[in-house]
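Scroll down for the structure; my scribbles are underneath it.
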Amino acid sequence: MQLYQKPKRRPFINITSLIDVLFLLLTFFLVTTSFIEQSALKVELPSMENADRVQQPKRFVLDVAPDGGMLYDGKPVERAALGVRLQAASDEINASGGLVLRADRDLPHGEVIGVLDMIRGAGIRRFVIATATSGPG
């Protein structure tokens with residue numbers, strides 16, 4: 001007497017729902033990730049149509065926000081201490097690619113002149129003022 005015996009099947013795990021969850025998590029993290037900005041200060045540069053693109057080796061960057069906040073080479077600096085820091089690094093700045101002044105376009109003109117005066121007073125001869133290009137190219 002032979003009893004009915006079910007055919008043996010290999011165990012199978014359906015991973016379709018796991019893949020769905022994986023893609024959902026991936027999408028969630030891509031959407032919620034904060035992307036790294038170039039600078040910690042939000043600076044909107046004025047535009048210039050006939051600007052030349054300058055590429056030099058190492059440049060020091062001074063960001064000035066409309067509220068007066070400053071970043072020197074990515075680190076916050078107070079206006080009172082800026083002159084001392086620039087003077088201490090003036091030889092290195094002049095020997096390298098120079099200093100890039102990134103002043104916000106909404107910064108009052110007098111503030112920009114004050115910062116330029118501090119740069120010149122520190123003995124820095126090589127500096128440029130950054131602008132955003134508005135034309136093609």
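When the residues of the stretch 93-130 are filtered to those that are among the charged types (D, E, K, R) and in contact (Cβ under 8 Å) with a residue 24 or more places away in the chain, the one that is nearest to Tyr72 (Cα to Cα) is Arg102.
Listed here are the residues, each with its yes/no results for (1) under 21 Å from the mean Cα position of the chain (by Cα); (2) under 17 Å from Ala132 (Cα atoms); (3) aliphatic (A, V, I, L, M).
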{"site": "Glu49", "(1), (2), (3)": "no, yes, no"}
{"site": "Lys75", "(1), (2), (3)": "yes, no, no"}
{"site": "Glu78", "(1), (2), (3)": "yes, no, no"}
{"site": "Arg105", "(1), (2), (3)": "yes, yes, no"}
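Gly97 falls short on exactly one of the conditions (1) farther than 18 Å from Glu44 by Cα; (2) out of contact with any Phe, Trp or Tyr (no Cβ under 6 Å at 6 or more places or on another chain); (3) in a helix (DSSP H, G or I), and that condition is (3). Report yes if Arg120 is farther than 22 Å from Leu41 by Cα, exposed (fewer than 15 other Cβ atoms within 10 Å of the Cβ), basic (Lys, Arg) and modelled with pLDDT of 90 or more, otherwise no. Considered against the rule, which asks whether it is farther than 22 Å from Leu41 by Cα, exposed (fewer than 15 other Cβ atoms within 10 Å of the Cβ), basic (Lys, Arg) and modelled with pLDDT of 90 or more, Arg120 comes out as yes. The residue that is surrounded by the most Cβ atoms within 10 Å (Cβ to Cβ), counting only those in the stretch 45-92 that are among the β-branched types (Val, Ile, Thr) and not in a loop (DSSP other than H, G, I, E, B), is Val64. Taking the criterion of being under 17 Å from Arg85 (Cβ atoms) and either of a type in the set (Ser, Thr, Tyr) or part of a loop (DSSP other than H, G, I, E, B) (or both), the residues of the stretch 104-124 that qualify are Ala122, Gly123, Ile124.
The values are calculated or read from the model by the stated rules, or taken from the named source; none is laboratory data. As the structure is a prediction and not an experimental result, all values here were calculated from the model. So basically every Cβ, Gly included, is an ideal-geometry build from the backbone, and we count neighbours across all protein chains shown.
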